[in-house]
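Take a look at the structure set out below.
Derivation of every value follows stated rules applied to the coordinates shown; laboratory data play no part. Not measured: the values here are computed from a predicted model. Note: ideal-geometry Cβ built from the backbone for every residue, glycine included; neighbour counts use all protein chains shown.
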Amino acid sequence: MMKKLSPNEVHDQVRRRYGEIAYSIKDRFKYPAGREGLLKLGYDLTAAQVIHEGIVESFCGVGNPFSLGPVRPEDTVLDVGCGGGFDVVMASHFTGPEGRVYGIDLVPAMVEKAKRNIMSMELSNCEIRVAGSEAIPFDDNTFDVVISNGAIYLSPLKEKSLNEVCRVLKPGGCFQFADVVLNDDIPEKVAACFDGWAG
Ligand SMILES: C[S@@+](CC[C@H](N)C(=O)[O-])C[C@H]1O[C@@H](n2cnc3c(N)ncnc32)[C@H](O)[C@@H]1O
């Protein structure tokens, strides 16, 4: 029987891979990223047109969380696995300056990139922190909307992550997420290596 990756091993591999992607995204994904991805996923690029090109190009989500429900003016929003921060900036466009948008990501280099991106847009209602989806560093009942785009599938502890999302959502709040799912079981030896496991 092949040894499964432990949660710590998965986190280490995510830090390694996404630490590199934070510096260069080129040719790293099998699906369209950057502007091409946003177009294919039906993002409202009129809303996005003021977003700097470097932020657009850092996008590597797998879907469009804003197509699943609204983010309203003055909402408090969390993006789990925010990467370079494109969806944080989009969410801030919808909440307006009276709302607040937080992003968390496991990978320090991604967090630094998202912070730089947000500073370049001069957004004072956004904040990014280093944290995993398995231990979200916010109080219970904090958020109107939690979004996530292509991150929960990378967590080795998905149930814990989803419980954390439910904990930080206000009663009646919404979790709008896009992710990768398996339709069939994969061979044990593929699941036992990070590249296979993370697709
Ligand atoms: C495919 S990228 C998507 C990034 C961003 N959501 C976007 O749409 O551009 C996945 C992101 O999830 C982060 N990530 C992976 N596992 C995570 C975890 N357990 N907790 C928080 N972030 C995680 C990665 O560092 C990476 O930035």
Q: Those residues that are more than 10 Å from the ligand (Cβ to nearest atom) and under 17 Å from Val165 (Cβ atoms), I need them from segment 67-88; list them, please.
A: Leu68, Gly69, Val71, Asp75, Thr76, Val77, Leu78
Q) What single numbered condition from (1) among the small types (Gly, Ala, Ser); (2) exposed (fewer than 14 other Cβ atoms within 10 Å of the Cβ); (3) closer than 24 Å to Cys193 by Cα fails to hold for Ser67? A) (3)
**Q.** 3 or more residues within 15 Å of the ligand (Cβ to nearest atom), surrounded by 17 or more Cβ atoms within 10 Å (Cβ to Cβ) and hydrophobic (A, V, I, L, M, F, W, C): qualifying strands (runs of 3 or more DSSP E) within segment 89-199
**A.** 143-149, 169-178
Q.
Please verify whether Ile55 is crowded, with 16+ Cβ neighbours inside 10 Å and not in a helix (DSSP H, G or I), treating the condition exactly as stated.
A. no
Q) Looking at Val145, Val111, Val101, which is the one that is within 16 Å of Pro65 (Cα to Cα), free of Cβ contacts under 8 Å to residues at least 40 places away in the same chain and hydrophobic (A, V, I, L, M, F, W, C)? A) Val101
Q: Filter segment 5-25 for residues that are surrounded by 13 or more Cβ atoms within 10 Å (Cβ to Cβ) and outside any helix (DSSP H, G or I) and give the result.
A: Leu5, Ala22, Ile25
Q | Out of Asp79, Asp75, sole residue that is touching a Phe, Trp or Tyr at 6+ places or on another chain (Cβ under 8 Å) and crowded, with 24+ Cβ neighbours inside 10 Å | A | Asp79
Q) Is segment 30-50 home to any residue that is within 8 Å of the ligand (Cβ to nearest atom) and under 30 Å from Val190 (Cβ atoms)? A) yes
Q | Among the candidates Val62, Val56, residue that is within 7 Å of the ligand (Cβ to nearest atom) and over 15 Å from Ile104 (Cα atoms) | A | Val62
